[in-house]
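S.K.: One structure is given below, represented as structure tokens, and several questions about it will come after.
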Amino acid sequence: MNKQTQEPNAQKKLFFGLFVFPLLIAAAMVLMLSVIVFLTKEDETPQSLISSIKTGAPSKKWQKAYELANELNHQEGLLRSSGVMADVIHMLNDDTHYDAKTRAYMAMALSRFESPEAEGALRSALAKVDLNDVSELPIFLMWAIGQYGNPDSASEVLRFLGSDQSDNRKTAAYVLGVLNNQKAVKDLKRHLDDPANDVRWNAALSLARLGHDDGWEVLVKILDRNYLINAFEMDPKQIETVMANAAKGFTHIRRKESVPILEKISREDPSLKVRQEALTALQHQQQSK
């Protein structure tokens, strides 16, 4: 499993129509971190958490940064103050006093602010990150930028399709579909032949989201349960997620060859979730007739 499946991730919700399978965090690891946070959690505000991050031991900073991202996710109004945002931006940019993991959670925290200044800070930070950075930072920055859905951000994300790190490429491939910028289409098409499976899958899903069927064959392949079972070490839940989201891709593109494939899956697949997604996609296919 890649590095991201070994690290806790504060985000488990689907925040866009197409979900990124490669960024799924193992449920057991998430549960473990949640238990740790619950057992050690005190009644803290964003301000007190920021103070703890500034003064805490280096090994504890990222944990408080994680808590801050979660706290801001549940707080509204005055707690999302300009002062808090300014502190978060400062720590995101301070690579001298804060490690990459802490700064990665700062990026997630910053995405909670519905502010052009916050979005601009994220884009600026990503522009400074090395293309082949192996830490969580570029991945979390791209994820945070995707939260804003601004097509103008595609230029900062696009360059990571050229990274040597497949984690960076697969995240970029996904986020480019979310940002809905047609300028990404040409580069996404090139990555339908990427050596990494995750990158090919995300490129195909994003192209579908952008209304292009060039990744149709890739989507059909990952709708084949037997192929996934035989070719990859996936558990049933992972296979369900991959197939369900491949089916979602067919809600954005129409090809008559898709109909019999979706009909068979909607009748025969053992997963109710996959069958339902196939039915939904089939309805979209039929509406285009």
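S.K.: Could you grab the pairs with beta carbons closer than 6 Å, sequence gap of 6+ or different chains, first residue in region 155-175 and in the same structural domain as Phe140 (by TED's automatic domain parsing) and of a type in the set (Phe, Trp, Tyr), second one part of a helix (DSSP H, G or I) and buried (at least 22 other Cβ atoms within 10 Å of the Cβ)?
M.R.: Phe160/Asn168; Phe160/Ala172; Tyr174/Asn202
S.K.: Something else: For region 277-289, name all the residues that are out of contact with any Leu (no Cβ under 7 Å at 6 or more places or on another chain) and closer than 14 Å to Leu223 by Cβ.
M.R.: Glu277, Leu279, Thr280
S.K.: Which ones in region 131-161 are surrounded by 15 or more Cβ atoms within 10 Å (Cβ to Cβ) and among the acidic types (Asp, Glu)?
M.R.: Selection gives Asp133, Glu136, Glu156.
S.K.: Then there is this: Pull up region 224-258, narrow it to residues that are over 16 Å from Ala278 (Cβ atoms) and hydrophobic (A, V, I, L, M, F, W, C), then point me to the one that is surrounded by the most Cβ atoms within 10 Å (Cβ to Cβ).
M.R.: Result: Met234.
S.K.: Turning to a different aspect of this structure: Among Asn93, Asn132, which is in the same structural domain as Leu161 (by TED's automatic domain parsing), within 22 Å of Ser166 (Cα to Cα) and among the polar types (S, T, N, Q)?
M.R.: When all the criteria are applied, what remains is Asn132.
S.K.: Note down all Cβ pairs under 7 Å where the first residue falls in region 43-58 and is among the small types (Gly, Ala, Ser), the second is modelled with pLDDT of 85 or more, and they're at least six residues apart or on different chains.
M.R.: Listed pairs, sorted by first residue: Ser52/Lys64; Gly56/Lys64.
S.K.: If you don't mind, another one. Against the condition among the small types (Gly, Ala, Ser) and in contact (Cβ under 8 Å) with a residue 40 or more places away in the chain, how does Gly211 come out, does it pass?
M.R.: yes
S.K.: Then there is this: Of a type outside the set (Phe, Trp, Tyr), modelled with pLDDT of 95 or more and within 20 Å of Gly211 (Cα to Cα): is that true of Arg159 in this structure?
M.R.: Against the criterion (of a type outside the set (Phe, Trp, Tyr), modelled with pLDDT of 95 or more and within 20 Å of Gly211 (Cα to Cα)), Arg159 does not qualify.
S.K.: Considering Glu67, Glu71, Glu76, Glu44, which residue is modelled with pLDDT under 75 and among the acidic types (Asp, Glu)?
M.R.: Glu76
S.K.: Filter region 120-154 for residues that are among the polar types (S, T, N, Q) and without any contact (Cβ under 8 Å) to a residue 40 or more places away in the chain and give the result.
M.R.: The answer is Ser124, Asn132, Ser135, Asn150, Ser153.
The values are calculated or read from the model by the stated rules, or taken from the named source; none is laboratory data. This is a predicted model, so every value here is computed, not measured. Backbone-built Cβ (ideal geometry, glycine too); neighbour counts: all protein chains shown.
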